[in-house]
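What follows is a short report on a single structure.
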């Protein structure tokens, strides 16, 4: 599956580590993607609202269907996040793509994600990839 396929086929993007701080990429990238018509589902245990949306505390707390899990957390947290995504997929049958933002990569997380049927993208900025592929 190509990056273009991901953008064309999926609309609901849960953002793990979304920020309410407008100067951070974890705010600016989801805001850009939302401006292109995607449904942003922020996840952050410390913030009640981001981009005018109620924020879920965990992946399991997201009420809507998740197509893409976009991750803004340190690389060393990626394995745990993929494990959470696996549990979510088992429980709710969603999450097709796990996308680690630019600068975030973990080969153990990649193997775990691929072994569990996810499309996996790492070390790529969703904003940049949208501009380059759409």
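Values computed for the structure shown
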{"read-out": "Cα-projected label distance for residue 91 with residue 24, points at 7 Å along beta-carbon direction, nm", "value": "2.3"}
{"read-out": "Contact order relative to length of the range 3-133, as percent, for alpha carbon pairs under 8 angstrom and 6 or more apart", "value": "23"}
{"read-out": "Listed candidates (1) 2, 11, 18, 17, 13, 11, 9, 8, 6, 4, 1, 0, 0; (2) 2, 11, 24, 26, 22, 12, 3, 0; (3) 2, 10, 18, 23, 22, 15, 8, 2, 0, 0 - label of the one calculated as P(r) over Cα pairs in 5 Å bins from 0, in percent", "value": "(2)"}
{"read-out": "Sites residue 11 and residue 123, calculated FRET efficiency, Cβ-Cβ separation with R0 22 Å, nearest 0.05", "value": "0.40"}
{"read-out": "At R0 = 35 Å, FRET efficiency that the Cβ-Cβ distance of residue 76 and residue 4 yields, to 0.05", "value": "0.70"}
{"read-out": "Label-to-label distance, nm, for residues given as residue 49 and residue 61 (7 Å Cα→Cβ offset)", "value": "1.6"}
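Any read-out appearing in this document is the output of simple, stated calculations on the displayed coordinates, not a laboratory observation. Note that the structure is predicted; figures quoted are calculated from it, not measured. Cβ coordinates were reconstructed from backbone atoms using ideal geometry, including for glycine residues, and neighbour counts include every protein chain displayed.
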